Amino acid sequence: MKRHGAGSLVFLSLVLLFMYLPIFVVVIYSFNDNPSRIPTAFTGWTTQWYAQLFTGRGGYADALWLSLRVALWSVAASCVVGTLGAVGMARKAGRASKLDSVMETGLTLPIMIPEIILGLAFMVVFNALGLRGNDLRLVLAHTTFCIPYVFLNVKSRLVGMDASVFDAARDLGASPARVLRDITLPLISPAIFSGAFLALAMSLDDFVISFFVYGVGEGTLPIKIYSSVKVGVSTQVNALCTLIIAAVFTIAALSRYAGALRRARQRRLNPGPNAVPAAARH
């Protein structure tokens with residue numbers, strides 16, 4: 001087994017320190033009893049900021065609910081459009097034309113365009129069309145930049161799959177709709193979920209496009225946080241960040257646990273050529 005040198009371990013420790021030390025400080029200061037706008041001094045432990053986070057004036061409940069509502073609708077729409085686009089492009093991979101290449105580039109272009117340009121463009125278009133509903137404006141804008149994450153994940157999954165599986169199903173009499181429902185979707189479901197989680201994270205985290213698109217009001221959670229920290233970082237913001245960090249770590253742990261269960265199940269179903277039968281072990 002190759003051992004890592006002391007230099008690489010020191011470098012890795014420093015990287016982890018710089019990555020997680022600010023997160024640790026935010027978590028600690030979320031329990032700070034100091035009520036000042038810039039609480040640099042730690043005066044004691046309290047949980048009152050968590051209790052006040054979503055209640056009373058200046059709470060974050062409305063902004064959080066708006067962000068979740070917009071994110072869920074955007075992810076749902078982007079999963080449908082991105083998955084269908086990836087399936088269609090993958091089926092034409094062997095006979096793709098220049099138009100197909102242009103369409104694929106157009107689907108992935110929102111990732112490369114700076115957000116400030118997209119936000120300004122959306123604002124001009126929505127105002128020209130007379131769209132005044134903030135929820136609709138946000139969902140349309142977020143869906144646009146979420147589609148590429150689903151499309152790229154699903155298409156990369158389809159490209160690496162054996163096309164003979166689908167040909168065999170059609171030879172056995174399955175209709176294209178049944179092949180899509182019973183074979184394609186189950187096989188690409190991990191890629192769809194992966195793209196959906198990426199799209200969800202990007203939608204919840206978006207500030208620039210939402211800032212341009214949203215009209216009058218407090219706006220989404222990133223806009224609300226930005227408005228709150230312009231005069232200092234309050235302990236309520238630290239509490240909110242701590243809850244978000246806890247949710248992210250919980251989702252990551254559950255994902256790792258689900259992956260371990262899936263790999264263990266695959267090993268039981270496909271033990272390999274060197275596995276000893278259960279009857280031979282007794």
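Computed from the coordinates by the stated procedures, all read-outs in this text should not be read as laboratory data. Keep in mind it's a predicted model, so treat the numbers as computed, not measured. Here the Cβ positions follow ideal geometry from the backbone for every residue, glycine too, while neighbour counts run over all protein chains shown.
Modelling each spin label as a point 7 Å along the Cα-to-Cβ direction, I'd like the T250/D182 distance in nm, to one decimal. Once both label points are built, they end up 3.9 nm from each other.
Along its first, second and third principal axes, ordered by size, the chain spans 70, 66, 38 Å in Cα coordinates. Helical runs (DSSP H, four residues minimum) scored at -39500 (n - 2.57) apiece and divided by the length of the chain put the mean residue ellipticity at 222 nm at -23500 deg cm²/dmol. For the range 129-159, no residue has its backbone nitrogen under 18 Å from a point 7 Å from the Cα of I116, taken along Cα to Cβ. Projecting label points 7 angstrom from Cα along Cα→Cβ for T108 and A168 puts them 3.0 nm apart. Given their separation in residues at 0.36 nm each and the Cα-Cα distance between them, M19 and T43 gain 6.1 nm when the chain is fully extended. Taking the Cα of V159, stepping 7 Å toward and past its beta carbon, and measuring to each backbone N in the range 100-126: which are under 15 Å? Backbone N within reach: 100-109. The Rg/Rh ratio of the range 105-164, with Rg taken over Cα atoms and Rh as the Kirkwood radius over Cα pairs, comes to 1.14.
With a Förster radius of 45 Å applied to the C-beta separation of L12 and V124, the computed FRET efficiency comes to 0.45. For the range 195-239, the square roots of the Cα gyration tensor eigenvalues, ordered a ≥ b ≥ c, give a/c of at least 1.5 with a/b no greater than b/c, which places it in the oblate category. Taking 0.36 nm per residue of sequence separation and removing the Cα-Cα distance, the A76/D33 pair yields an extension gain of 11.4 nm.
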